[in-house]
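Reviewing the structure listed below.
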Amino acid sequence: MQHSIAIIGCGNLGLSIANGLIKTPGFDVSSLTLTKRKTESLSPLKKLGVAISSDNLAAAESADIIILAVKPFNLTEVLEEIKPAIGGKKQTIVSVATGVKIQQISGILGDDIPIFRAMPNIAADINESVTCICGINASEATEAAVKEIFNSIGLSITINEDLMEAATVLGACGIAYVLRFMRAMIQGGIQIGFDAKTASDIVNQTVKGAAEMMIQQPIHPEAAIDKVTTPKGCTIVGLNEMEHHGFSAAMVKGVIASFEKITL
Ligand SMILES: NC(=O)c1ccc[n+]([C@@H]2O[C@H](COP(=O)([O-])OP(=O)(O)OC[C@H]3O[C@@H](n4cnc5c(N)ncnc54)[C@H](OP(=O)(O)O)[C@@H]3O)[C@@H](O)[C@H]2O)c1
């Protein structure tokens with residue numbers, strides 16, 4: 001990866017992206033600049049050779065690709081701050097801010113700037129994010145460079161901008177849904193006899209195995225469930241009990257509630 005990258009607003013998500021990039025084989029850490037206003041929390045990365053700063057404008061000036069990872073309500077002020085650095089060199093802007101449209105960003109930075117929205121999740125930290133991406137004004141080479149960044153921290157999927165909010169729910173909120181499911185399964189495991197550590201180890205590997213199976217052998221989940229459910233057996237009894245209590249309905253309603261929170 002040859003491009004210099006600035007991550008502006010390096011909090012939870014920005015730091016996960018930075019950690020994933022740093023772990024990517026062949027990634028040149030000296031090409032990375034991270035900013036936030038209070039930089040103390042980023043000092044461990046300084047020792048690795050990453051540039052740390054609270055100067056967004058200087059970071060934007062020095063980068064080819066600028067990843068904006070501030071909260072949506074901080075984005076306008078940051079865009080105004082870095083605007084003097086954008087345009088001449090035609091840096092590429094990548095915003096991960098939830099719900100902020102490309103048009104809002106181009107309205108501040110200009111209509112001819114390559115601007116992407118990307119929606120990763122915090123598994124970027126271990127190079128296992130899924131990142132949905134859309135963009136405008138980019139050459140093939142620029143788009144390839146942006147995808148290379150997000151492919152190095154997981155899997156990137158190009159989508160239309162009108163699906164970006166849905167991508168936020170399924171991919172970014174989705175990791176929290178799965179973690180809540182795991183917590184519930186661990187609690188069940190403790191009630192039937194395991195200590196918390198052993199229950200977590202069993203659940204973690206079971207969820208990893210299920211996900212890997214779906215990735216490597218992409219069949220419908222229900223077809224795999226059929227292989228586990230012996231007629232009159234304990235698995236189908238447990239699954240049906242969960243459905244009687246609204247398991248699938250609760251998940252679908254939660255996904256829709258998150259979506260409505262972003263879009264309405
Ligand atoms: N967390 C996720 O899983 C996730 C997933 C997908 C998308 N997103 C999106 O990603 C963005 C970041 O979310 P987050 O959860 O990482 O938030 P966060 O932890 O609050 O990180 C944002 C960071 O921005 C810094 N910041 C605020 N104003 C700044 C400024 N003017 N200049 C430089 N840095 C500034 C803050 O640090 P200082 O106070 O030290 O400046 C803070 O650490 C949001 O837009 C969110 O919608 C998050």
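Residue 174 meets all of the listed conditions (1) within 16 Å of the ligand (Cβ to nearest atom); (2) assigned by TED's automatic domain parsing to the domain that holds residue 26; (3) of a type outside the set (D, E, K, R) but one, namely (2). Across region 209-247, the number of residues qualifying as within 24 Å of the chain's Cα centre (by Cα) and not in a loop (DSSP other than H, G, I, E, B) comes to 9.
Scanning region 6-34 for residues that are outside any helix (DSSP H, G or I) and within 15 Å of the ligand (Cβ to nearest atom) yields a total of 8.
Just checking, does region 35-55 include any residue being within 11 Å of the ligand (Cβ to nearest atom) and touching a residue at least 40 places away in the same chain (Cβ under 8 Å)? Within region 35-55, none of the residues are within 11 Å of the ligand (Cβ to nearest atom) and touching a residue at least 40 places away in the same chain (Cβ under 8 Å). In the set 210, 199, 184, 166, only one residue is over 24 Å from residue 100 (Cβ atoms) and surrounded by 17 or more Cβ atoms within 10 Å (Cβ to Cβ); that residue is 199. Here 140, 161 are screened, and the one residue that is open to solvent by 30 Å² or more (accessible area, probe 1.4 Å) and farther than 30 Å from residue 26 by Cα is 161. Being open to solvent by 30 Å² or more (accessible area, probe 1.4 Å), assigned by TED's automatic domain parsing to the domain that holds residue 11 and touching a Leu at 6+ places or on another chain (Cβ under 6 Å), is that true of even one residue in region 47-61? Taking every residue of region 47-61 in turn, at least one turns out to be open to solvent by 30 Å² or more (accessible area, probe 1.4 Å), assigned by TED's automatic domain parsing to the domain that holds residue 11 and touching a Leu at 6+ places or on another chain (Cβ under 6 Å). The sole residue among 128, 148 that is touching a His at 6+ places or on another chain (Cβ under 9 Å), open to solvent by 60 Å² or more (accessible area, probe 1.4 Å) and in contact (Cβ under 8 Å) with a residue 12 or more places away in the chain is 148. Scanning region 62-90 for residues that are hydrophobic (A, V, I, L, M, F, W, C), open to solvent by 10 Å² or more (accessible area, probe 1.4 Å) and closer than 23 Å to residue 22 by Cβ turns up 69, 70. Screening region 91-120 for residues that are out of contact with any Asp or Glu (no Cβ under 9 Å at 6 or more places or on another chain) and part of a loop (DSSP other than H, G, I, E, B) and picking the one that is most open to solvent (accessible area, probe 1.4 Å) gives 111.
Among the residues making up region 24-46, a single one is among the basic types (Lys, Arg) and surrounded by 14 or more Cβ atoms within 10 Å (Cβ to Cβ): 36.
The values are calculated or read from the model by the stated rules, or taken from the named source; none is laboratory data. Just so you know, these numbers come straight off a predicted model, no measurement behind them. Virtual Cβ from ideal backbone geometry, glycine too; neighbours counted across all protein chains shown. Ligands, DNA and RNA are excluded from the accessible area calculation, which covers all protein heavy atoms including side chains. Shrake-Rupley method; radii C 1.70, N 1.55, O 1.52, S 1.80 Å.
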